[in-house]
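Q: Before anything else, here's the structure in question.
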Amino acid sequence: MAEKQEEPSNAQNGEPDNAEEGEGKKKKVKREDLPPFEIVTGERLPAIFFKFQFRNVEYSSGRNKTFLCYVMETQGKEPATSRGYLEDEHAAAHAEMAFLNTILPRCEPGARCTVTWYVSSSPCVGCAERIADTLRRNKALHLTIMVGRLFMWDQPDVQEALRSLKAAGCKLRIMKPQDFEYVWQNFVEQEEGEEAKSFVPWEDIQENFQYYEEKLAEILH
């Protein structure tokens, strides 16, 4: 039940497949012409994105983005709590890196900072290495990552990256049905003019949670 990933098209990452400019000679936008990282941020994500991107399925066809919902609590001179979500915009940009680069610096230097992520899938190797390095350098940072799916869990380098997260002090967990409901209630927007709708679990949510939980336990053992 290894998660399958498809190569994202330009359209799936927020840009047209045949991006053109100029009135004369047309020029296709190249991947390297894009900003180094561009993300979408907000307090609540559309329900349709949650239902598709967070579903803990076996095959992740079309799920080429990462959605990261976060709660960050800082216990410094002025205790503060912030929450929101980040969404990948281009294949070269990862939501985990965006959090470390733009959200985490808001924590008061030296203050205890407790962060919980609810992520559609577990980090890739590069992101896991950066997260682990951040945790090793910042002992005041305490991070829990709740994931809907395990990203390419059968690959040795991915397994090693997940173990490095645990060694660095990160708490890595698979999202239970109750966690999906928490995200639905706290991070998903309802359509305008409608009353808040109850979370409706998909048919295989418990079965898939148990499967991924067993795989994660095997990897981290």
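The values are calculated or read from the model by the stated rules, or taken from the named source; none is laboratory data. Since this is a predicted model, take the numbers as computed values, not measurements. FYI the Cβ positions are ideal-geometry reconstructions off the backbone, even for glycines, and counts take in every protein chain you see. Note: areas computed on protein heavy atoms with side chains; ligands, DNA, RNA excluded. Shrake-Rupley method; radii C 1.70, N 1.55, O 1.52, S 1.80 Å.
Q: Convert each backbone phi in region 109-120 into a coupling constant with the Karplus relation 6.51 cos²θ - 1.76 cosθ + 1.60 (shift: θ = phi - 60°), then list the ³J(HN,Hα) values in order as whole Hz, x for Gly and Pro.
A: For region 109-120, the Karplus curve yields x, x, 7, 5, 10, 10, 10, 10, 9, 10, 10, 4 Hz.
Q: Output wanted: per-residue J couplings in Hz (rounded whole) for region 162-173, from phi through Karplus 6.51 cos²θ - 1.76 cosθ + 1.60, θ = phi - 60°, x for Gly and Pro.
A: Karplus values, whole Hz, x for Gly and Pro: 5, 5, 5, 5, 4, 4, 7, x, 6, 8, 10, 9.
Q: Something else: Please report the carbon-and-sulfur percent of the accessible area for region 137-181; probe 1.4 Å, protein heavy atoms only, DNA, RNA and ligands left out.
A: The nonpolar share, carbon plus sulfur, comes to 49 percent.
Q: Express the accessible area of region 55-194 per residue in Å², computed with a 1.4 Å probe while the remaining protein chains stay in the model.
A: Accessible surface, normalised per residue, equals 45 Å².
Q: At what distance in nm do the modelled label points of Glu218 and Asp204 sit from each other, each positioned 7 Å from its Cα along Cα→Cβ?
A: The answer from the label model is 1.7 nm.
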